[in-house]
Every structure is written in structure tokens, then in C-alpha cells.
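Everything below concerns the one structure shown next.
Each reported figure results from applying straightforward, stated rules to the coordinates on display, with no laboratory input. Here the structure is a predicted model, which is why all the values come from computation and not from measurement.
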Amino acid sequence: MKDVGGSLDIADAGQVFLRLAHGLAAAVWVGGGAYYLLAVRPNIRSRNDEASRALGVEVQREFGEWAAVATIVMIASGVILMFERLSGGQGTTVYVALLAIKVLAAVAAFWMTGVLRPSRGISRRRRTGKLDTAWLVLGLSIAAFLIGALLTTLYPADIG
Ligand code: HEM
């Protein structure tokens, strides 16, 4: 809710906190995927030895634990932001349609990595036919990121 003096009330501060949490978790998710694809995997492939491959698996397992936390933060904060927006009467058809595409892209990315399946962490990325799963996951995550940024630009939060 807007305050005449431009100050934040508790509900506004909560919104800022949720957006920070969502954005930070998104940065961990997309950044981790890009780092793996652009730096870690090409190095492992060019070395092409057992020790490097084992390191790659271990690095992905370790990062998978952080990615799982980021995923839970992203879903929890995203769902609350969504309900705040919809209950605030700002859920136009375009908003809901873009959000639905965004959530589908995000859920597909989560599902493909297996990040939320207990004990598995991030599964080893495989090439299935011509499709490179790791690039597909990064592409879907970037799509979710872009639509998120688009939504906040098209429908700026009424705070501050
Ligand atoms: C790969 C997964 C995801 C990424 C990379 C991502 C990224 C982003 C980004 C960058 C924003 C803009 C943040 C801001 O400027 O405040 C955003 C907003 C948002 N995201 Fe996500 N997100 C993901 C998953 C989800 C999920 C699973 C939901 C579940 C409902 C969700 C719901 C939302 C909502 C409601 C907003 C706010 C839009 C608004 O301003 O009304 N996101 N997201």
C-alpha cells in the first residue's frame, strides 16, 4: 500500500524482501547453470580423463544442494508474490497468461534436473539425441527469468 510520505510499511517491506529472495534464488539457479555450461563442462570434456569426470560429478552434486534450496525459495516466494498480485486485482489476462508460461518453463527446468528429487541432487546432464538437456534447462530458466523481469516492468509494484 502506498504511503503519502514515501515510506515503506510492513507489507511493502515484505514485498521487497520476497522480491529480493526470488531474484537472488533466480540468480543462483541461472548463474550456476551458465557457469557449468560455459566453464566447468567444456574443461571436463577437453581433459577427458576419469579424475576430471569424477570432479564434475562431485561439483554438480555439491551445487545441487544449493540449487535445491534456491528452487524452494523461488517457488515459495513466487507463489506468495503471485497471490499478492492476484488478490490486489492486478491479475489481468495478459499477466496470468505470461505467468502461466513462466511457471511452466520453470517447472519443466526443475523437473529436467531432478533438483527436487531427494538424494539425487542435480542429475547428470545427458545428450538425448540431438537435444542437450543442460542447454535446454538453461534456456527454460532464462525464459522464466525474462518473463519475470517483463512482468515486473509491465506491472510495477505499487510500493515506496
Ligand atoms: C527458473 C525459475 C525462475 C526464475 C529464473 C524466475 C525469475 C524471476 C525474476 C527475475 C523475476 C523478476 C523479479 C523482480 O524484478 O521482482 C520474477 C518475478 C516473479 N516470479 Fe519468478 N522465476 C522463476 C520461477 C518462478 C516460479 C516457480 C513462480 C511460481 C509462481 C514464480 C513467480 C513469480 C512472480 C509471481 C513474480 C512477480 C511478477 C510480478 O511482478 O507480479 N517464479 N521471477
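For the Cα trace of segment 1-67, dividing Rg by the Kirkwood Rh returns an Rg/Rh value of 1.34. Each semi-axis of the equivalent ellipsoid for segment 36-119 is √(5λ) with λ an eigenvalue of the Cα gyration tensor; in descending order they amount to 36, 14, 9 Å. Along each principal axis, taking the top coordinate minus the bottom one, the Cα set of segment 10-154 gives 57, 33, 25 Å in descending order.
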